[in-house]
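The values are calculated or read from the model by the stated rules, or taken from the named source; none is laboratory data. Computed from a predicted structure; not experimentally measured. Methodologically, a virtual Cβ is constructed for each residue, glycine included, from the backbone with ideal geometry; neighbour enumeration extends over all protein chains shown. Please note that ligands, DNA and RNA were not included when accessible areas were found on the heavy atoms of the full protein model with its side chains. Shrake-Rupley method; radii C 1.70, N 1.55, O 1.52, S 1.80 Å.
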Amino acid sequence: AQKVTQAQTEISVVEKEDVTLDCVYETRDTTYYLFWYKQPPSGELVFLIRRNSFDEQNEISGRYSWNFQKSTSSFNFTITASQVVDSAVYFCALSEAANAGKSTFGDGTTLTVKP
Amino acid sequence: NAGVTQTPKFQVLKTGQSMTLQCAQDMNHEYMSWYRQDPGMGLRLIHYSVGAGITDQGEVPNGYNVSRSTTEDFPLRLLSAAPSQTSVYFCASSSHPAARSYEQYFGPGTRLTVT
């Protein structure tokens with residue numbers, strides 16, 4: 001069975017601090033996909049990134065970066081120089097290639113960035 | 001492109017009533033899904049589809065039916081509403097997660113209250 005754990009329920013930082021959101025996953029499949037999503041206070045869901053299990057290369061997009069480590073089953077998300085607009089709930093999710101339509105989400109981490 | 005549209009945005013039902021939540025996408029995506037989000041929780045998968053005519057159950061399918069007669073539409077039917085189905089419902093669409101240009105799009109959500 002697939003499982004995603006986001007152990008940090010809430011994180012609060014001051015603007016310009018760096019912050020890392022943790023995501024640990026469990027799967028029996030050797031091929032799988034990992035995702036991050038953002039849900040701002042307005043409630044919409046925004047897809048941020050998809051990572052294939054066979055590609056352990058880290059990714060950077062502006063102030064966002066993602067660190068995928070198969071050895072520790074983790075897919076962590078770092079925001080550099082956080083801004084108030086980064087305040088949101090962030091979800092990590094997993095789907096297995098054998099059943100790619102079936103995604104499992106973590107419970108989310110609420111990030112508050114204070115000015 | 002309209003993306004993923006959902007109707008209605010808000011709905012109040014009485015226990016025992018039935019209704020259909022509509023979801024449509026205009027991106028020719030194979031994959032479509034329905035999630036529910038309860039307060040303080042992540043998204044839980046209700047049903048999903050990997051193409052027209054193909055649907056399968058997610059984590060919390062009881063009390064809901066789906067069908068996928070066209071690529072564009074993926075309605076969710078509540079058979080006999082119960083207070084436990086009070087939630088925010090999100091529809092999503094995407095290409096296969098292995099697709100090079102993968103992205104996932106969510107509808108704006110339907111806030112359902114069952115009294």
**Asked** Do you know which residues across segment B:6-44 are more than 9 Å from chain A (Cβ to nearest Cβ) and either charged (D, E, K, R) or closer than 24 Å to A:K3 by Cα (or both)?
**Response** B:K9, B:K14, B:D26, B:W34, B:R36, B:D38, B:P39
**Asked** How many residues, within segment A:12-45, are surrounded by 15 or more Cβ atoms within 10 Å (Cβ to Cβ), of a type outside the set (S, T, Y) and not in a loop (DSSP other than H, G, I, E, B)?
**Response** 9
**Fill in**
Those residues of segment A:50-84 which are of a type in the set (V, I, T) and touching a residue at least 40 places away in the same chain (Cβ under 8 Å) amount to A:T72, A:T78, A:I79, A:T80, A:V84
**Prompt:** What number of residues within segment B:34-44 satisfy the criterion of being under 15 Å from B:F106 (Cα atoms) and touching a residue at least 24 places away in the same chain (Cβ under 8 Å)?
**Reply:** 5
**Message:** Go through (1) within 13 Å of chain B (Cβ to nearest Cβ); (2) modelled with pLDDT of 95 or more for A:S82 and report which single condition fails.
**Reply:** (1)
**Request:** Of all residues in segment B:86-102, count the ones that are within 17 Å of the chain's Cα centre (by Cα) and either open to solvent by 10 Å² or more (accessible area, probe 1.4 Å) or among the hydroxyl-bearing types (S, T, Y) (or both).
**Result:** 7
**Item:** Which numbered condition B:Y31 misses (of (1) crowded, with 22+ Cβ neighbours inside 10 Å; (2) without any contact (Cβ under 8 Å) to a residue 40 or more places away in the chain)
**Value:** (2)
**Message:** Could you check segment B:45-91 and list, in sequence order, the residues that are within 14 Å of chain A (Cβ to nearest Cβ) and without any contact (Cβ under 8 Å) to a residue 12 or more places away in the chain?
**Reply:** B:D56, B:Q57
